[in-house]
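Worksheet for the structure shown next.
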Amino acid sequence: MIDLHAHSTASDGSDSPGDLARLAAEVGLSAIALTDHDTLEGVAEITATAHPLGVRVIPACEISCEVERGTMHLLVYFLDDASGPLQDRLSFLQAARASRNDRIIATLQDHGIAITLDEVLDEAGGGSVGRPHLAAVLVRHGYVDSIQQAFDVWLAKGRPAYLGRERLEPSEAIDLARRSGAVSVLAHPGTLGLEAAELDDFVGSLATFGLSGVEAEYGRYSRDERDAYHSLAARHGLCVTGGSDYHGSYKPGLFLGTGTGDLAVPDEYLTALESALPAPHA
Ligand code: AMP
Ligand code: FE
Ligand code: FE
Ligand code: ZN
C-alpha cells in the first residue's frame with residue numbers, strides 16, 4: 001500500500017517530515033509522496049528518515065492553478081530537489097502567498113479581528129504559509145471553534161476574508177513540470193466544481209498539455225466518485241493515483257494511508273506513474 005498525497009510542517013500539515021516518515025512505516029506504507037504546497041523543503045528530512053525504515057519517498061509538491069470557477073490543484077511527482085524550471089518558480093509562488101497572507105490579515109483586522117502576521121508565521125513554523133495556519137490562529141484566539149469553521153465563516157472562497165493570489169495557468173504548470181523531469185496529476189478532481197461533461201472536456205485539454213494522471217482514489221471520495229474518476233482517466237489514457245491528503249491536526253479525521261478509513265492505494269499505481277516520466281535529455 002502507498003499514499004501519494006500527504007502534507008508536513010513544510011506546508012500546512014502538523015507532522016514534521018520525520019514524523020510523517022515514521023507514521024508511514026507504522027501504518028505499513030511501502031511508499032509515500034510528500035506533496036507540500038509550493039515547496040520541496042521537507043523532502044530531504046522525510047527521505048533521510050524514511051529510507052532506513054524501508055519506505056520509499058517520492059519528492060513532490062502540490063501547486064494551485066488559475067481556473068475560472070472552483071479550485072484546481074496539480075500534484076507534481078518525481079520533482080527533484082535540485083533546480084529546474086518549476087523549482088525556480090516555487091519562490092515566486094511563495095512570494096505570492098506572503099503578500100496574500102498580509103492582505104488577509106489586514107482584512108480580518110478591518111473586521112475587528114486582532115491577529116498578527118507574527119502569530120501566523122509562528123503557527124506555520126517556516127515553509128509554505130497558508131490559510132490553515134491563519135485558521136489555527138483564529139481558533140486559538142477563540143474567534144471560531146474549529147479550522148473548518150474558520151474557513152466557513154472567513155477564509156473560504158466567497159467569504160469576507162478570502163483573497164486570491166497569483167497562480168500558474170494549468171498549461172504553464174503542466175509544462176514546467178514536464179520540463180523539470182516530473183509528471184503532473186490532477187488532484188481531487190471534485191474541487192473543480194464541474195459537471196461530468198465539462199470535467200471530461202477540461203481533463204481532455206489538460207491531457208493535451210501533458211497531464212499524466214488523475215487522482216481517482218482520494219481520502220474523502222465515495223466509491224461512486226472514485227469509479228467515475230477511474231473512467232475519466234481511462235477515457236483520456238491517463239494514469240490513476242491515490243492518496244489521503246493527510247494534514248494531521250489541520251484536517252481532523254483524515255488518516256495517512258487509509259484516508260477516512262477505506263482507502264488502500266496499490267503499489268502498481270506508482271509503477272504506472274513512473275513509466276509516464278518524460279525521457280531525460282541526452
Ligand atoms: P492556501 O494554500 O492558503 O490557499 O490554503 C489551502 C488549504 O486550505 C488546503 O490545504 C485546503 O485543504 C484548505 N482549504 C481550502 N478551502 C477550504 C475549505 N473551504 N474548508 C476547509 N479547508 C479548506
Ligand atoms: Fe493543504
Ligand atoms: Fe489540494
Ligand atoms: Zn493536498
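Can you tell me which of 228-236, 206-214 comes out highest on packing, and rank the rest after it, using the mean Cβ neighbours within 10 Å?
Final packing ranking: 206-214, 228-236.
What are the extents of the Cα atoms of the chain along their three principal axes, listed from largest to smallest and rounded to whole Å?
So the three principal-axis extents are 54, 44, 41 Å.
Only Lys, Arg, Asp and Glu count, each charged at its Cβ (+1, +1, -1, -1), so figure out the dipole size of region 25-75 about its Cα centre, rounded to 20 debye.
Once rounded to the nearest 20, the dipole reads 240 debye.
For each of 115, 2, count neighbouring Cβ atoms within 10 Å of the residue's Cβ, then give the residues from fewest to most.
Neighbour counts put them in this order, fewest first: 115, 2.
Taking the Cα centre of the chain as the origin, how large is its charge dipole in debye, to the nearest 20, when only Lys and Arg (+1) and Asp and Glu (-1) carry charge on their Cβ atoms?
Here the chain has a charge dipole of around 220 debye.
As an exercise, use a Förster radius of 30 Å and the Cβ-Cβ distance of residue 98 and residue 68 to find the FRET efficiency, rounded to the nearest 0.05.
My answer for the efficiency is 0.75.
Sum up the charges of everything whose Cβ sits under 11 Å from the Cβ of residue 221, counting Lys and Arg as +1 and Asp and Glu as -1, but leave residue 221 out.
-4
Take 166, 195 and order them by how many other Cβ atoms sit within 10 Å, fewest up front.
Starting with the residue having the fewest Cβ neighbours, the order is 195, 166.
If I model a spin label at residue 106 and residue 231 as a point 7 Å from the Cα along the Cα→Cβ vector, what separation in nanometres do I get?
4.8 nm
Suppose the chain between residue 262 and residue 51 were pulled fully straight at 0.36 nm per residue; how much longer would it get relative to their current alpha carbon spacing?
73.3 nm
How much of the DSSP beta bridge set in the chain is antiparallel, as a percent to the nearest 5?
Beta bridges within the chain, antiparallel portion: roughly 40 percent.
For region 199-282, what's the relative contact order in percent, using C-alpha pairs closer than 8 Å and at least 6 residues apart?
Across region 199-282, relative contact order equals 27 percent.
Using DSSP H assignments, which helices in the chain have an axial alpha-carbon span of 30 Å or above and a mean Kyte-Doolittle hydropathy of -1.0 or higher?
Going by DSSP H runs, the hits are 85-110.
In whole angstrom, and with the biggest value first, how far do the Cα coordinates of region 148-282 range along each principal axis?
So the extents along the principal axes, rounded to whole Å, are 51, 35, 31.
Can you give the relative contact order of region 6-165 as a percent, counting alpha carbon pairs under 8 Å and 6+ residues apart?
That works out to 19 percent.
Roughly what % of DSSP beta bridges within region 156-282 run antiparallel, to the nearest 5?
Roughly 10 percent of the DSSP beta bridges within region 156-282 come out antiparallel.
Give the long-range amide H neighbours of residue 4: residues separated by 5 or more places, or on another chain, with amide H under 5 Å away, using H modelled in the peptide plane at 1.01 Å from N.
For residue 4, whose amide H was placed from the backbone, the distant partners under 5 Å are 33, 242, 243, 244.
Throughout, read-outs are computed from the coordinates displayed, never taken from laboratory work. Treat the numbers as computed from the prediction; the structure is a model and nothing was measured. Don't worry about glycine lacking a Cβ; one is built from the backbone with ideal geometry, like all the others, and counts go over all protein chains shown.
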